[in-house]
Amino acid sequence: MSILKTSLLVGILAIAIIIVAVAAWYFMQPPTKEVTIVILSPEWEPGKIMEEMAADFTAYAQEKLGYKVNVKFDFTPWGTYYTRVTSIMTAKSSEVDIIFADSQWLGELYEGGHIISLKDFILEDPDLRNAVLNDTFENLVYFYTAYPQGSDNYVAIPGYADATPLLYFRTDLFTHPDERAAFKAKYGYDLPTTLEEWKNLDWVQLRDIAEFFTRRAGETLAGETLSEDFYGIALVLSRDYDYISCFFLSVFWSWGAELWDPVTKNPVGYINSTKAKEALTFFVDLTNYMPPGPATFDYDKVISLYAQGKVAMTILWPSMAPALFDPNTSKVYNVTGVAIQPHHNGTRYTTLGGQPLVISSYSKNKEEAKLFLKWFYTVAYKEYSMRVGFTARKSVAQDPDFLNSKPWARVFTEAVKYAKDFWNVPYYGRLLEVQQLYLNKAVAKEISPAEALDIVAQKQWEIIQEYR
């Protein structure tokens, strides 16, 4: 064999040995860990914004955990969201790790064993403990984080802190000299225009305003002849999910009424008290100044009515405000003001909204899910708050950049402290179903307000007794 052939053979053998060695080393290495956590969310703009921001979590997780954690959002329309959540939990499915849960679901989810306690996680992490317990609005700590309410068994952190509905009004109408003069002549006080003036407004005065701006085709409004009927206000009053309850309860609590005895949980004499019946009678009376068919109004309908310039006022969650201020979707985007909801005889409450974040008991990625919660509420939360115009953290609410971030942000910080939640019990859904049905019947004028609340009280008490 020639020296050349021998050298070639030796070279080939050496290369082969190197290849085998490299391959052996490669296959002996532990696999690179990579995790994907799935977040179940309602399908709406705040979720899309959070999905976009969540891409930054991967690098944060890589730094903290030493491996890649991807985030995937699973969106479900609001109309079927509760059903989707309960079906996943009932099946004990591991398909989602983190869930945006309405605050009223915490009892049902925790009592059912579907979500984990975050108590130790929050208390043992200084940054998260400070953010949740020291820098979150006190009423949101109470309603968003613990089950039972007021306990230290923390089962959630604030997520979408869309905590209070706000009032939106047509500034061009409220500042028009002729309209202001006519209103003052008829009712004896001025139309409110500033936030301070709105804060002093009673619900009874809001009804005056709704009555005043309700006009028929051919009449004049702000110096122009109307080609179609115009109305004072539009509210979400359909019986879908919790729609009508969310807007009635702001009135109900402001009238001094309560849903039940806090100890016995008996609603009889509470939800159908004299004050409660007066509140619902007032609320039904407001429908006289709304477009036809108010008992069917859902969010899309009310947003459209206001954005198309057909009503003078509406009340909506701040998460829905972008549609009112977008020139592509609103004819009144540049003449819309934002105000706090009224009080009644000095008492003011607004219905709590928003969805805290919980971790599924069936998740296979609980540690990664916990890290996401910490990242969201301690690292990403200020930017998120700036982008949506609402927040659960007091330090963010005091930041001038946040206050100027959206047309509604400053008013949100004034209103959030009045937010109050309804039941947080495992049988929440059954109580709600009864309440929705009969409140809706009342605004549809199928039954009287007094009869509606008497039926609700009786039926809810029957449900509650099943769980005693």
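The values are calculated or read from the model by the stated rules, or taken from the named source; none is laboratory data. None of the values given here were measured: they were computed from a predicted structure. Here the Cβ positions follow ideal geometry from the backbone for every residue, glycine too, while neighbour counts run over all protein chains shown. Accessible surface areas use protein heavy atoms only, side chains included; no ligands, DNA or RNA. Shrake-Rupley method; radii C 1.70, N 1.55, O 1.52, S 1.80 Å.
Roughly how large, in nm² to one decimal, is the mean projection of the convex hull of the alpha-carbon atoms in the range 174-258?
7.2 nm²
Calculated FRET efficiency, GLU52 and LYS186, Cβ-Cβ r, R0 45 Å, to nearest 0.05? Please report the intermediate quantities before stating the final value.
Values: r = 49 Å, r/R0 = 1.10.
Efficiency, from the Cβ-Cβ distance: 0.35.
Provide the FRET efficiency to the nearest 0.05 for the ASN404-GLU466 pair, computing r from the beta carbons and using R0 = 45 Å.
After rounding to 0.05, the efficiency reads 0.35.
Would you mind getting the accessible area per residue of the chain, heavy atoms of the protein chains only, 1.4 Å probe, in Å²? Intermediate results must be reported in sequence, preceding the final value.
Details: 19950 Å² over 468 residues.
I get 43 Å² per residue for this part.
Could you check how much of the accessible area of the chain is carbon and sulfur, as a whole percent, using a 1.4 Å probe?
52 percent
The range 317-429: Rg/Rh from Cα coordinates, Kirkwood Rh?
My calculation puts Rg/Rh at 1.03.
So if we plug the beta-carbon distance of VAL379 and ASP178 into 1/(1 + (r/R0)^6) with R0 = 60 Å, what FRET efficiency do we get, rounded to 0.05? Don't skip to the answer; put the middle values down first.
Working: r = 52 Å, r/R0 = 0.87.
With R0 = 60 Å, the Cβ-Cβ based efficiency is 0.70.
Quick one: compute a quarter of the convex hull surface over the Cα atoms of the range 98-200 and quote it in nm².
Over every viewing direction, the Cα hull of the range 98-200 projects on average to 9.6 nm².
According to a simple spin-label model (label point 7 Å from Cα along Cα-to-Cβ), what is the distance in nm between VAL204 and LEU221?
About 2.7 nm separates the two model spin labels.
Using 0.36 nm per residue, how much length does the chain from SER93 to LYS420 gain when fully extended, once their Cα-Cα distance is taken away?
114.5 nm
Here are some pairs, LYS33/LYS119; LYS275/LYS420; LYS420/LYS445; LYS331/LYS406; LYS331/LYS445; which of them have Cα atoms lying more than 24 Å apart in this structure?
On the way: LYS33/LYS119 28 Å; LYS275/LYS420 18 Å; LYS420/LYS445 27 Å; LYS331/LYS406 18 Å; LYS331/LYS445 32 Å.
From LYS33/LYS119; LYS275/LYS420; LYS420/LYS445; LYS331/LYS406; LYS331/LYS445, over 24 Å: LYS33/LYS119; LYS420/LYS445; LYS331/LYS445.
Against the 2.2 N^0.38 Å scaling, with N counting residues, where does the range 402-441 land? I'd like the Cα-based Rg ratio to two decimal places.
Values: Rg = 16.1 Å, N = 40, 2.2 N^0.38 = 8.9 Å.
The range 402-441 yields a ratio of 1.80.
Given N residues in the chain, what is Rg(Cα) / (2.2 N^0.38 Å)?
Here the Cα radius of gyration is 1.21 times the empirical estimate.
So what is the relative contact order for the chain, in percent, with contacts set as C-alpha pairs under 8 Å and at least six apart?
Worked out over the chain, it gives 24 percent.
Can you give me the distance in nm between label points at GLU111 and GLU34, each placed 7 Å from the Cα along the Cα-to-Cβ direction?
Each label point lies 7 Å from its Cα, and together they span 4.3 nm.
If I model a spin label as a point 7 Å beyond the Cα along the Cα-Cβ vector, how far apart are those points for ALA450 and ASN130 in nm?
Label at ALA450, label at ASN130, 5.8 nm between them.
Relative to the first principal axis of the alpha-carbon coordinates of the chain, what is the inclination of helix 78-90, with its axis defined by its Cα atoms, in degrees from 0 to 90 and to the nearest 10?
50 degrees
Between the range 159-180 and the range 305-331, what is the separation of their alpha carbon centroids in Å?
Comparing the Cα centres of the range 159-180 and the range 305-331, I get a distance of 10 Å.
Using protein chains only and a probe of 1.4 angstrom, how many square angstrom of VAL284 are accessible, to the nearest 10?
20 Å²
Helix 177-187 against the longest principal axis of the chain: what's the angle in degrees, Cα atoms only, rounded to the nearest 10?
60 degrees
Once both axes come from the Cα atoms, what is the angle between helix 243-254 and the longest principal axis of the chain, in degrees from 0 to 90, rounded to 10?
Between helix and principal axis, roughly 60 degrees.
Round to a whole angstrom and tell me the spacing of the C-alpha centers of the range 50-96 and the range 371-396.
Taking the Cα centre of each part, the range 50-96 and the range 371-396 sit 17 Å apart.
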